[in-house]
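Asker: If you scroll down you'll find the structure; I have some questions about it.
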Amino acid sequence: MFHIKIDEFAVVVKKSISKEEIYEFTKELIKNLEKPYEIDDYMIFLKFRAGIAYQKRTFMMSLLALDATKILNKDIVFDDEAEKIMESYKKHLVWLKKLKVAIENKKLVPYYQPIFDKNKNICKYEVLVRLIDEDNQVISPYFFLDIAKKSKLYFDITKQVIQKAFKKFENTDCEFSINLSSLDMENEDIKKFIMEKLVSFNNPKRISFEVVESENIKNSKNACVFIKELKKFGCKILIDDFGSGYGNFDYLLSLDADVVKIDGSLIKNILEDKNSQIVVKTMINFTKKVNMQIIAEFVENKEIFEYLKTLGVDCFQGYYFSPPKEDI
């Protein structure tokens with residue numbers, strides 16, 4: 001054993017030992033080290049963590065694994081787990097760089113997916129963000145949005161999308177919807193930005209804001225107050241992905257929602273899955289009683305469209321009708 005720093009030690013195991021054995025050895029070592037220490041009638045309790053360099057047996061790899069214990073919230077971490085985190089961080093850094101370049105060059109753009117009524121007429125558009133990279137490739141938010149939410153760049157994305165979407169629809173009669181997250185509705189700068197845009201827009205009643213179903217939003221006083229402010233302008237509130245997890249009807253009423261979008265996981269298998277049929281029918285019955293409109297997402301074929309029509313769904317969105325496009 002080597003004493004590295006005041007509170008850091010290194011243990012070198014020279015003999016050949018399996019991963020399971022070194023784990024059990026380390027666990028027992030920590031257990032013994034964490035036994036209470038009695039000093040001057042006081043009981044002192046210490047907490048230990050361990051990083052193990054097993055695949056690449058170097059001191060630096062053990063330090064990397066030790067650092068990873070904080071990230072993973074674990075007492076013992078092996079070097080292979082730590083390397084996975086480093087690879088993940090490298091990917092994050094690559095996407096953050098792409099995002100920064102895209103924001104600086106105004107390459108975060110809205111794409112528009114039409115929403116259709118029962119007669120296949122377009123009744124509104126959903127605004128969706130896309131990133132245009134250095135090679136002019138169109139990148140889905142699946143690859144960058146969660147990473148952006150962990151950085152300050154996320155709010156620049158929100159602003160660029162809103163600014164461009166408002167400009168696109170300013171001189172049209174089309175209705176359109178924009179997605180807002182709980183992060184947006186907790187951010188004072190974003191809320192102020194949206195309010196300023198609404199004041200200068202010619203007809204805010206054509207605008208809907210899609211809120212992803214989340215218990216965080218229901219329990220957020222700031223979000224609820226902001227939603228009321230949006231409704232004062234005549235904007236509609238859509239609850240997106242309803243039924244994906246939280247699925248509480250009280251949630252719809254508490255946010256004074258105007259429209260409910262059924263989660264795509266319920267729609268994709270609705271022709272075969274009895275449980276999905278029961279849930280969707282229940283949602284439709286409820287929304288009709290409280291005078292809310294209901295939209296089905298992920299409508300991928302004619303059979304699903306025709307079946308949902310018979311259930312009483314109001315509007316439809318999905319690749320059966322149209323993918324998101326760069327223009328309306």
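Derivation of every value follows stated rules applied to the coordinates shown; laboratory data play no part. In this text the structure is predicted, and so the values were computed from the model without any measurement. Quick reminder, even Gly has a Cβ in these numbers, built from the backbone with ideal geometry, and neighbours come from all protein chains shown.
Asker: Summing +1 for each Lys or Arg and -1 for each Asp or Glu, what net charge is found among the other residues whose Cβ lies under 10 Å from the Cβ of Glu34?
Answerer: Net of charged neighbours comes to +2.
Asker: Roughly how many Å is it from the Cα centre of the stretch 1-73 to that of the stretch 240-295, as a whole number?
Answerer: If we compute the Cα centre of each part, the gap is 51 Å.
Asker: Right, something else. Given the chain, what percent of its DSSP beta bridges are antiparallel, to the nearest 5?
Answerer: Here the antiparallel bridges make up roughly 45 percent for the chain.
Asker: Relative contact order, percent, of the chain when contacts are C-alpha pairs under 8 Å separated by at least 6 residues?
Answerer: The normalised contact order for the chain reaches 12 percent.
Asker: Another question, if that's okay. May I ask you to compute the full-extension gain from Glu303 to Lys164, defined as 0.36 nm times their residue separation minus their alpha-carbon distance, rounded to one decimal in nm?
Answerer: Taking 0.36 nm per residue and subtracting the Cα distance, the gain is 46.5 nm.
Asker: For Met283, Met195, what ranking results if the residue with the fewest other Cβ atoms within 10 Å of its Cβ goes first?
Answerer: Going from sparsest to densest Cβ surroundings: Met195, Met283.
Asker: Calculated from the structure, P(r) over Cα pairs in 20 Å bins from 0, in percent equals which of (i) 25, 41, 26, 8, 0; (ii) 34, 59, 7, 0; (iii) 29, 54, 15, 1?
Answerer: Of the labelled values, this structure produces (i).
Asker: Subtract the Cα-Cα distance of Lys84 and Ser18 from 0.36 nm times their separation in residues, and report this length gain in nm to one decimal.
Answerer: Taking Lys84 through Ser18 to full extension adds about 21.7 nm, to one decimal.
Asker: Show me the chymotrypsin sites (Phe, Trp or Tyr not before Pro) within the stretch 253-328 that DSSP assigns to loop and that have at most 16 other Cβ atoms within 10 Å of their Cβ.
Answerer: Here the chymotrypsin sites (Phe, Trp or Tyr not before Pro) that fit, given the DSSP loop and packing criteria, are Tyr319, Tyr320, Phe321.
Asker: Between Lys281 and Ala10, what length comes free when the chain is fully extended (0.36 nm per residue of separation minus the Cα-Cα distance, one decimal in nm)?
Answerer: 91.4 nm
Asker: Putting +1 on Lys and Arg Cβ atoms and -1 on Asp and Glu Cβ atoms, find which of Leu64, Ser16, Val77 reaches farthest to the positive end of the dipole of the stretch 2-85.
Answerer: After comparing all options, I get Ser16.
Asker: When the dipole is taken about the Cα centre of the stretch 61-140, and only Lys, Arg (+1) and Asp, Glu (-1) are charged at their Cβ, what size is it in debye, to the nearest 20?
Answerer: 620 debye
Asker: Now a separate question. If R₀ is 41 angstrom, what is the calculated FRET efficiency for the pair Phe59 and Glu38, using the beta carbon separation as r and rounding to 0.05?
Answerer: 0.80
Asker: With a 10 Å cut-off between alpha carbons and a GNM built on the chain, which of Glu196, Glu186, Glu24 moves the most?
Answerer: Comparing Glu196, Glu186, Glu24 in a Gaussian network model of the chain, the most mobile one is Glu24.
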